[in-house]
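Contents: one structure, followed by commentary.
We did not get these values from a lab; they are worked out from the coordinates using the rules stated. Only a predicted model underlies this, so the values are computations on that prediction, with no experimental measurement involved. Ideal geometry is used to build each Cβ from the backbone, glycine not excepted, and the neighbour counts take in all protein chains shown.
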Amino acid sequence: MKQDGDLDALVRMRIRGLRTALGWSLDELASRCYLSPSTLSRIETGHRRIALDQLAPIARALGTTLDQLVEPADDGDVVIRPLRDEARGRTMWLLSRESGPTGMTVAKLRLTATLAASGPQRVHPGWDWFTVLSGTVALSLGERTILVHAGEAAEFSTMIPHAFGAHDGPAEIIGILDHEGRRSHLSAEPLLGE
């Protein structure tokens, strides 16, 4: 079956790639996974089938997991495409493909709308964190407005009514948002206080 052959070739390439990235010879890896150098050479070159009882010690020796070593390649879409929200003056790139273990999302945002034009203040459970890559961000927390400049970061409880927008021109930020923050800041769904 071609798919099995493709995965087999990918596993062989990963073994060789990890070994060379570590600067190890065949002899060094062979001694760490208790195989002979000739067996390991035949595995890497495709002259020997890879047995499961060989893969586990090879993965361990290379500092990876069996799952990572045999994971099928998913290179269907390696480009992170921007999502534009013209109404709120935001362009967003999701940098985390899936929410993290605690439901966190990492996103880059380009803000063009001012604080007044970015929409109403929102309230939701959790915390938001962002760092400004370029420009200046106006962060409204309740009655206060705080200017956050390039190279600075902000962290705040999202139970405080809040909003943010560009100040004196476009700004770019990297933000870490929890589940509710993602809904509030990366979509147009209404939340508490709207």
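How do LEU139, LEU40 rank when sorted from fewest to most other Cβ atoms within 10 Å of their own Cβ?
LEU139, LEU40
What does the extension gain come out to for LEU10 and ALA116, with contour length at 0.36 nm per residue minus their alpha carbon separation?
Once the chain is fully extended between LEU10 and ALA116, it gains 33.0 nm.
If r is the Cβ-Cβ distance from GLU28 to LEU52 and R0 is 30 Å, what FRET efficiency results, to the nearest 0.05?
E(calc), rounded to 0.05, equals 0.85.
How do ARG60, ARG19, ARG32 line up, fewest other C-beta atoms within 10 Å first?
ARG60, ARG32, ARG19
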